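Here's the structure, in structure tokens; my notes come after.
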Amino acid sequence: MQMRHSRVLDRLRAGETVLSFKTNLADARASEIAARCGFDCVWTDVEHVPNDWTAIEQQVWATKAYDVDLLVRVARGSYSDYVRPLELDAAGIMVPHLMSAEDARQVVRMTRFHPVGRRPVDGGNADGAYCGIDFNEYLRQANEQRFIILQIEDPEPLEELDEIAAVEGYDMLLFGPGDFSHGIGKPGQWDAPEIANARRRVAEAAIAHGKFAGTVGGPDNLAELVEMGYRFVNVGADVIALMAYCKDVLKRCGR
């Protein structure tokens, strides 16, 4: 018995670009719509969004039905906060506000199995096919087919960026411009040179150390980000789409 392959990792390892869609809505139907439309990945959230674990589990089911990966941005906390989405069979997790190389090493230790880390083992959940996968095969396949993303969204970790990128055992650095703009005292100033410089540095460091580079963008700057070296780009969000649609309908109705 085999663990489901990660669509994100398959595409990245083949040198292709991954397009992701972020959902803030807890209803699994929103994730299913994005999956049906053909996105490679649906990014859901428990850092900022009050998703409970039942909602996350339903989103996993909704996306897996279309061979689409569910990525869960976790809340910073204990190892159980990090591994629970993986045990529900989310294809990957994103750890926000990664601050140092030591922070990166601790995340790897908590989320990777032997021989890479010391993630606690329980193969009796969905990711282990409810004990249907041989114990050692489960460890091997989980390390190979589940991805860990570390989010660089503060100015402080730039001091250790090369050391962070060199840490073994995770897959991707993802640059978050929103909190970064806040951290440098220029909230929402997307054309600030510090943001452009940090975005470039994150991509270069990731690539130099054999990691993938991810960020947020859109159709208008996708080609620019890919040229910069980014291969995972979140290009849409449910709340933005719904807000734009509602405003347009009201405008066309004269309101």
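The values are calculated or read from the model by the stated rules, or taken from the named source; none is laboratory data. The structure displayed is predicted, hence computed values, not measured ones. All Cβ positions, even for glycine, are placed from backbone atoms using ideal geometry, and neighbour counts span all protein chains on display.
Is it the case that some residue within the stretch 135-146 is more than 21 Å from the chain's Cα centre (by Cα), surrounded by fewer than 18 Cβ atoms within 10 Å (Cβ to Cβ), of a type outside the set (Lys, Arg) and more than 17 Å from ASP89 (Cβ to Cβ)?
Yes, some residue in the stretch 135-146 is more than 21 Å from the chain's Cα centre (by Cα), surrounded by fewer than 18 Cβ atoms within 10 Å (Cβ to Cβ), of a type outside the set (Lys, Arg) and more than 17 Å from ASP89 (Cβ to Cβ).
With the structure loaded, tell me whether GLY38 is in contact with a strand residue (DSSP E or B) (Cβ under 9 Å, 6 or more places away or on another chain) and at positive phi or whether it fails that test.
Numbers: in contact with a strand residue (DSSP E or B) (Cβ under 9 Å, 6 or more places away or on another chain): yes; at positive phi: yes.
When the stated conditions are applied, GLY38 passes them.
Can you pull out the residues in the stretch 66-83 that are surrounded by fewer than 20 Cβ atoms within 10 Å (Cβ to Cβ) and assigned to a helix (DSSP H, G or I)?
Passing the criteria: TYR79, SER80, ASP81.
Could you check the stretch 174-213 and list, in sequence order, the residues that are more than 22 Å from THR17 (Cβ to Cβ) and either in contact (Cβ under 8 Å) with a residue 60 or more places away in the chain or of a type in the set (Ser, Thr, Tyr) (or both)?
Answer for the stretch 174-213, where residues must be more than 22 Å from THR17 (Cβ to Cβ) and either in contact (Cβ under 8 Å) with a residue 60 or more places away in the chain or of a type in the set (Ser, Thr, Tyr) (or both): ASP179, SER181.
In the stretch 121-155, what residues are in contact with a Ser or Thr (Cβ under 8 Å, 6 or more places away or on another chain) and of a type outside the set (Lys, Arg)? Give the derivation first.
Step one: of the stretch 121-155, the residues in contact with a Ser or Thr (Cβ under 8 Å, 6 or more places away or on another chain) are 145-148.
Matches in the stretch 121-155: GLN145, PHE147, ILE148.
Looking at (1) surrounded by fewer than 19 Cβ atoms within 10 Å (Cβ to Cβ); (2) modelled with pLDDT of 95 or more, which one does PRO50 not meet, given that it meets all the others?
Result: PRO50 fails condition (2) only.
Do you know which residues across the stretch 214-249 are free of Cβ contacts under 8 Å to residues at least 12 places away in the same chain, out of contact with any Gly (no Cβ under 9 Å at 6 or more places or on another chain) and under 13 Å from THR17 (Cα atoms)?
Within the stretch 214-249, ALA223, GLU227 qualify.
Does THR23 fit the bill of being touching a helix residue (DSSP H, G or I) at 6+ places or on another chain (Cβ under 6 Å) and of a type in the set (Val, Ile, Thr)?
Details: touching a helix residue (DSSP H, G or I) at 6+ places or on another chain (Cβ under 6 Å): yes; of a type in the set (Val, Ile, Thr): yes.
So THR23 fits the description; yes.
Just the residues that are of a type outside the set (Gly, Ala, Ser), more than 17 Å from the chain's Cα centre (by Cα) and closer than 20 Å to VAL239 by Cβ, please, taken from the stretch 48-74.
If the condition is that a residue be of a type outside the set (Gly, Ala, Ser), more than 17 Å from the chain's Cα centre (by Cα) and closer than 20 Å to VAL239 by Cβ, then PRO50, ASP52, GLN58 are the ones that fit.
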